[in-house]
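The block underneath contains the structure these notes are about, expressed in structure tokens.
The values are calculated or read from the model by the stated rules, or taken from the named source; none is laboratory data. Note that this is a predicted model, so its numbers are computed, not measured. Note that each Cβ is placed from the backbone with ideal geometry, even for glycine, and that neighbours are counted across all protein chains shown. These area figures cover heavy atoms from the full protein model, side chains too; ligands, DNA and RNA do not enter into them. Shrake-Rupley method; radii C 1.70, N 1.55, O 1.52, S 1.80 Å.
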Amino acid sequence: MYQNILIPITPDHEALLPEQIEIAQRLKAEGGKISAVSVVEDFPTHVAEYMVVRPDQKEITKRAFEMLDRLFADDPDIGRKVLTGKPGVVVAEYAEKTGADLIVACASRPGSSGYALGSTSSRLTRRATCSVMVVR
């Protein structure tokens, strides 16, 4: 059983969220906690310098928090955090910083049959210092 479980949430994988939550709840030790995290990606500077209209990071972050509040409205015990950066990197760093002992992530079905995971879940499994469970 795990004491500190982290669930990374991506809007394009919302359909897998109930399964992520169910797995996390089954694996959570008595007295353990579950936290959800969403990541707002930065635009690379080499791209941003050519953008006519720049995205409002504060507004994007606000919408990410609203998404987490909506998704977890029925479970106020699940913590919520929004991070900025590359998801496969910052989620692993956040997990280590907060002492997470399990990450319950989801994976896309990449187009190439040679890959077992999407790029974010692949980075996460390589970088995380704790156990990672990938849900499809």
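Observations on the model:
- From Ala100, Ala95, Ala73, residue being touching a residue at least 24 places away in the same chain (Cβ under 8 Å) and over 12 Å from the mean Cα position of the chain (by Cα): Ala100
- Subset tally (residues that are surrounded by 15 or more Cβ atoms within 10 Å (Cβ to Cβ) and closer than 17 Å to Pro11 by Cα) for the range 66-85: 8
- Failed item, numbered, when Glu59 is tested on (1) modelled with pLDDT under 90; (2) charged (D, E, K, R); (3) surrounded by 12 or more Cβ atoms within 10 Å (Cβ to Cβ): (3)
- Condition broken by Arg54, with the remaining ones in (1) among the basic types (Lys, Arg); (2) at pLDDT below 80; (3) closer than 24 Å to Glu22 by Cβ satisfied: (3)
- Residue match in the range 2-25 (condition: hydroxyl-bearing (Ser, Thr, Tyr), surrounded by 19 or more Cβ atoms within 10 Å (Cβ to Cβ), at pLDDT 95 or above and assigned to a helix (DSSP H, G or I)): no
- Taken over the range 86-131, the residue count meeting the criterion of being modelled with pLDDT of 95 or more and open to solvent by less than 70 Å² (accessible area, probe 1.4 Å) is 15.
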